[in-house]
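Here's the structure, in structure tokens; my notes come after.
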Amino acid sequence: MRITALVKRIVLQLVRDKRTLALLFVAPLLILTLMHFLFTNNEVPSVLGVEGVSDEMVGQLEQVGIDVVSFKVKNVVENVIIEDELDGYLLFDAGKATLTLENTDPSRSKMLQTKIQQAMGSASSEMAATGIDTSYIYGSDDTTFFDVLSPILVGFFVFFFVFLISGIGLLRERMTGTLERLLSTPIKRWEIVFGYLIGYGLSAIIQTIIVVVYAVNVLDMVLVGSIWHVLVVNGLIALVALSLGILLSSFAASEFQMIQFIPLVIVPQVFFTGIIPIAGMPEILQGLSKVMPISYGANALKSIMYKGTGLSEILSDLLILLGFAIVFIVLNIFVLKKHRKE
């Protein structure tokens, strides 16, 4: 009887908690649907620029699934690859074949190399008997996928833990009555929001510095650009996570409900960090990636840590991150209206 009473109480508690029911039954379906569209998309063909290559060889390259763009005039190969967004550039000059790979995705670059060798092996031209000298714009032949993934992981962990700690921290302030007492004073809503942002922001800055320094100096993660630029980007990521965590905590009645936001807010963002190439996603998901703050932070970190670019080259990503933070901060100020009207 006592067990039955306990089971009945738990079931009734779950039935009354609509948010928990949604998490149990709806959230898994949404995430599975998202994963279905992400992992069943068609692979985007590699795009290869060619110069001095015979028509026969072009035909062989296209036959193995490579999109070929022909160039007639001698070009600065690195500039052409970056400006035309090519995966590689194959130059045949004076009996010598040279392949330059963009290499932001090492697995994609290796697949392109394999297809080129396959095409050359099938060709009857003199290129079939010619070796290829290979060079890389980013990374080297020893570059692994983790070298590209590591900058993304640095940004994601900063985002995740700052979001979680700030959200639960403010929730405790509400549950203990601290926020209610603050709201009964003449202090303004924007002062409360900025106070919490600065307070939790100090710990977020320290956490960011520890994560970045540890990742670069202890784990020896790839860092081509400046560590100061990495700290700037992670600082903006932390600001977005901080303001978002505080905002969502306003809609949670307990720490358990705050945790429920993780599969709905954090997990989907993982898929848009660059772990799965966004260019290969369906158009609707490519559009969805534009409202995921972490996608801009991941792109900025990858550009600095792997490509060695400066802040000026990723200014648009930084401004968008700052825009997200400002929107969340303004929403925080308005959300406090439900607790106190001025």
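Being buried (at least 17 other Cβ atoms within 10 Å of the Cβ), over 10 Å from the mean Cα position of the chain (by Cα) and not charged (D, E, K, R) is a property that residue 269 lacks.
Picking from 200, 196, which residue would you name as being in contact with a Ser or Thr (Cβ under 6 Å, 6 or more places away or on another chain), hydroxyl-bearing (Ser, Thr, Tyr), at pLDDT below 85 and assigned to a helix (DSSP H, G or I)? Working first, answer last.
On the way: 196 fails: in contact with a Ser or Thr (Cβ under 6 Å, 6 or more places away or on another chain).
Result: 200 is the single residue among 200, 196 that is in contact with a Ser or Thr (Cβ under 6 Å, 6 or more places away or on another chain), hydroxyl-bearing (Ser, Thr, Tyr), at pLDDT below 85 and assigned to a helix (DSSP H, G or I).
Could you tell me whether any residue of the range 183-203 is under 19 Å from the mean Cα position of the chain (by Cα) and open to solvent by 40 Å² or more (accessible area, probe 1.4 Å)? Checked the range 183-203: no residue is under 19 Å from the mean Cα position of the chain (by Cα) and open to solvent by 40 Å² or more (accessible area, probe 1.4 Å).
Does residue 256 qualify as being in a helix (DSSP H, G or I) and either within 30 Å of residue 32 (Cβ to Cβ) or charged (D, E, K, R) (or both)?
Working: in a helix (DSSP H, G or I): yes; either within 30 Å of residue 32 (Cβ to Cβ) or charged (D, E, K, R) (or both): yes.
Judged against the criteria, residue 256 is a match.
Taking the stated definitions as given, is residue 238 in contact (Cβ under 8 Å) with a residue 60 or more places away in the chain, within 16 Å of residue 300 (Cα to Cα) and within 21 Å of the chain's Cα centre (by Cα)? Judged against the criteria, residue 238 is a match. When the residues of the range 131-166 are filtered to those that are modelled with pLDDT under 80 and among the small types (Gly, Ala, Ser), which remaining residue is farthest from residue 223 (Cα to Cα)? Within the range 131-166, the match that is farthest from residue 223 (Cα to Cα) is 131.
Just one residue in the set 244, 285, 239 is open to solvent by less than 30 Å² (accessible area, probe 1.4 Å), modelled with pLDDT of 85 or more, part of a helix (DSSP H, G or I) and not β-branched (Val, Ile, Thr); that residue is 244.
Restricting attention to the range 43-64, does a residue exist that is modelled with pLDDT under 75 and farther than 21 Å from residue 118 by Cβ?
Checked the range 43-64: no residue is modelled with pLDDT under 75 and farther than 21 Å from residue 118 by Cβ.
When residues in the range 134-163 are screened for being open to solvent by 40 Å² or more (accessible area, probe 1.4 Å), touching a Ser or Thr at 6+ places or on another chain (Cβ under 6 Å) and within 25 Å of residue 208 (Cβ to Cβ), 1 of them pass. Restricting the search to the range 51-78, which residues are open to solvent by less than 30 Å² (accessible area, probe 1.4 Å) and under 18 Å from residue 103 (Cβ atoms)? 66, 77 - these are the residues of the range 51-78 that are open to solvent by less than 30 Å² (accessible area, probe 1.4 Å) and under 18 Å from residue 103 (Cβ atoms).
Only residues that are closer than 16 Å to residue 95 by Cβ and in a loop (DSSP other than H, G, I, E, B) were counted across the range 50-70, and they come to 3.
Of all the numbered requirements in (1) surrounded by fewer than 20 Cβ atoms within 10 Å (Cβ to Cβ); (2) in contact with a Gly (Cβ under 7 Å, 6 or more places away or on another chain); (3) not aliphatic (A, V, I, L, M), residue 251 misses one, and that requirement is (2).
The values are calculated or read from the model by the stated rules, or taken from the named source; none is laboratory data. Here the structure is a predicted model, which means the values were calculated and not measured. As a convention, Cβ positions derive from the backbone with ideal geometry for all residues, glycine included, and neighbour counts pool all protein chains shown. Note: areas computed on protein heavy atoms with side chains; ligands, DNA, RNA excluded. Shrake-Rupley method; radii C 1.70, N 1.55, O 1.52, S 1.80 Å.
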